[in-house]
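Worksheet: one structure, shown below.
The values are calculated or read from the model by the stated rules, or taken from the named source; none is laboratory data. Worth saying up front: this structure is predicted, and the values here are computed from it rather than measured. Cβ placement follows ideal geometry from the backbone for every residue including glycine, while neighbour counts extend to all protein chains displayed. The accessibility values were calculated without ligands, DNA or RNA, using every heavy atom of the protein model including side chains. Shrake-Rupley method; radii C 1.70, N 1.55, O 1.52, S 1.80 Å.
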Amino acid sequence: MENDTTAPSIFSYNNLVHAVSGAVGSVVAITVFYPLDTVLDDHQRAKHTHEICADIVKDEGIEGLYRGWFPVVTALCTSNFVYFYTFNSLKMKLTQGRKSSPLTDLSLAFVSGVVNVLITTPLWVANTRLKLQGAKLHTKAYDKGTAERKYEGIWDCLQKIVKHEGLFSLWNGTAPSLILAANPAIHFMVYEALKRYFQRAYHATELSGFLYFIIGAIAKAAATVVTYPLQVIQSRLRAGYAKAEKTQSLLQNILYLVKNQGVGALYKGMEAKLLQTVLTAALMFVAYEKIAAFTFRLMGLQAPPPKH
């Protein structure tokens, strides 16, 4: 995610390469680690991750681990395209080739996260509803008499939410999502700082895939631990749980959940979430960096060297 100084416009080839590389990298990563994402949405919370995986395979087969894959990939691919394009565009325009700093990365990443949230939240709301529907339809304990397929896909889900709940329901969970822009902001800040450190240490612009993986994992772990309780509230709002929560502030939502389910509810599923997000983010950054570097070489271009 280096500065693009070869063109004055944000509509540059370099920014497009970064955006496409980020989007493709996210598809590769989520596909590899998607079973962990499925485990997060399973209702058997008392069991360990590997036990839930075994139960899903036993009841539904291997394909059960990939239920709801398409809407997740659609939302994630779009989200990462928007995020990487915005981040690199802002960095190009505002730093103008000057030395970047952790504070700069944090600020630009946060603004990019806000832009991303405002544009892609409807896709994530639809994705959450579709995944919950899939989980219910495949859960034996669920009342078969009510196990109806309400949504037939992303577009159908978006239409029905607007029809039955109103247009603004597509942005359920936006408030915590905007605050959660701090998650990728912290992630990018730590990632960029560590990447610059190793680039200086090895006197190289491009690092090894192993180093990218380690840097991406460390950065995502830090961001996830700090912001996890907000992610829990965000998921509940997107899913449409507890209608009373929709009219409450973020702090009221947190207190409401703690009052009714205990403090532990704010960290429910964190074991699997950490495993899933850290591994996915680490692989995503490896794919992103390598795809971008390969594309620049293929087209005879050279990404600008890091500013130390």
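Suppose we keep only residues that are of a type in the set (Phe, Trp, Tyr) and surrounded by fewer than 21 Cβ atoms within 10 Å (Cβ to Cβ) within region 172-209. Which one would you say is nearest to ALA109 (Cα to Cα)? Walk me through how you get there before you give the answer.
Filtering region 172-209 for residues of a type in the set (Phe, Trp, Tyr) gives 188, 191, 197-198, 202.
Okay, now just the ones that are also surrounded by fewer than 21 Cβ atoms within 10 Å (Cβ to Cβ), so 197-198, 202.
Details: TYR197: 19, PHE198: 21, TYR202: 26 Å.
Within region 172-209, the match that is nearest to ALA109 (Cα to Cα) is TYR197.
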For this session: Could you give me the residue pairs with C-beta distances under 6 Å whose first residue belongs to region 34-62 and is closer than 18 Å to LYS131 by Cβ and charged (D, E, K, R), whose second residue is open to solvent by 30 Å² or more (accessible area, probe 1.4 Å) and modelled with pLDDT under 75 wherever it lies, and which are 6+ apart or on separate chains?
Result: GLU60/HIS138
Exercise. What is the residue count in region 14-53 for residues that are among the hydrophobic types (A, V, I, L, M, F, W, C), surrounded by fewer than 21 Cβ atoms within 10 Å (Cβ to Cβ) and modelled with pLDDT of 90 or more?
Worked result: 6
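Hey, could you check region 63-90 for residues that are of a type in the set (Ser, Thr, Tyr) and within 22 Å of PHE110 (Cβ to Cβ) and say which is surrounded by the most Cβ atoms within 10 Å (Cβ to Cβ)? Steps first, please.
We begin by selecting, within region 63-90, every residue of a type in the set (Ser, Thr, Tyr); these are 66, 74, 78-79, 83, 85-86, 89.
Going one step further and asking which of them are within 22 Å of PHE110 (Cβ to Cβ), we end up with 78-79, 83, 85-86, 89.
Details: THR78: 17, SER79: 23, TYR83: 25, TYR85: 23, THR86: 22, SER89: 23.
Applying the filter and picking the extreme gives TYR83.
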For this session: For residues that are open to solvent by 40 Å² or more (accessible area, probe 1.4 Å) and among the polar types (S, T, N, Q), scanning just region 125-171, find the one that is modelled with the lowest pLDDT.
Result: THR146
Seminar exercise, completed: Sole miss for PRO102 among (1) at pLDDT below 75; (2) surrounded by fewer than 18 Cβ atoms within 10 Å (Cβ to Cβ) is condition (1)
